[in-house]
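Below: the structure, in structure tokens.
Values quoted throughout were computed directly from the atomic coordinates according to the rules given, and no laboratory measurement underlies them. These figures come from a predicted structure and were not determined experimentally. Cβ sites come from the backbone with ideal geometry, for glycine too, and all protein chains shown count toward neighbours.
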Amino acid sequence: MTPLHTLAMPTLGVALLCLPLGAWAQETDPDTGLVQAEGWETVRNNCTACHSANLVTQNSGSRNHWENLIRWMQDTQGLWEFQAETEETILDYLAEHYGPKEDTRRPALPRTLMPDNPYPTVADPG
Ligand code: HEC
């Protein structure tokens, strides 16, 4: 009779191998960690000059979020202006590959579970 562990060990090994392979389905650039999809080089060229690409890859949000971030860096951190086409490429890329994470925000509480608002509010119209 075959001892159980001789069967279990290879199975476990294969299972462990499959985990990282699944997570790596999307090719990433070994230097920056950026997902290698359309536009990634434009993002690398424009978004890793002042800080690590980690700042980019660890962030996520809607296109609007990314646009606000870019405006903030342009207004306060010395980020240069982009040509419209370049900015489109960057925003398309970021919104597509570093978009909002669905499971990081809980849904809003129903009103009945909210504490009373301690502040005066505009009187009910009518
Ligand atoms: C001219 C310099 C410069 C360039 C180029 C630049 N950034 Fe930044 N960025 C900054 C600075 C400065 C900070 C603040 C760093 C800190 O807080 O340590 C920052 C912060 C960030 C953050 C973190 C914001 C937060 O809420 O903490 C993200 C994300 C980011 N940049 C993305 C980008 C992207 C995307 C690009 C390309 C479009 C880019 N950066 C290009 C200067 C730059």
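Placing +1 on the Cβ of each Lys and Arg and -1 on the Cβ of each Asp and Glu in segment 29-103, which of THR42, LEU69, TYR93 has its Cα farthest towards the positive end of the resulting dipole? Result: LEU69.
Counted residue by residue at 0.36 nm each, then reduced by the alpha carbon distance between them, the extension gain from ARG106 to GLU85 reaches 4.0 nm. Under the combined filter of DSSP loop state and at most 12 neighbouring Cβ atoms within 10 Å, segment 55-114 retains these chymotrypsin sites (Phe, Trp or Tyr not before Pro): TRP80.
Going from the fewest other Cβ atoms within 10 Å to the most, the residues LEU55, LEU113 appear in the order LEU113, LEU55.
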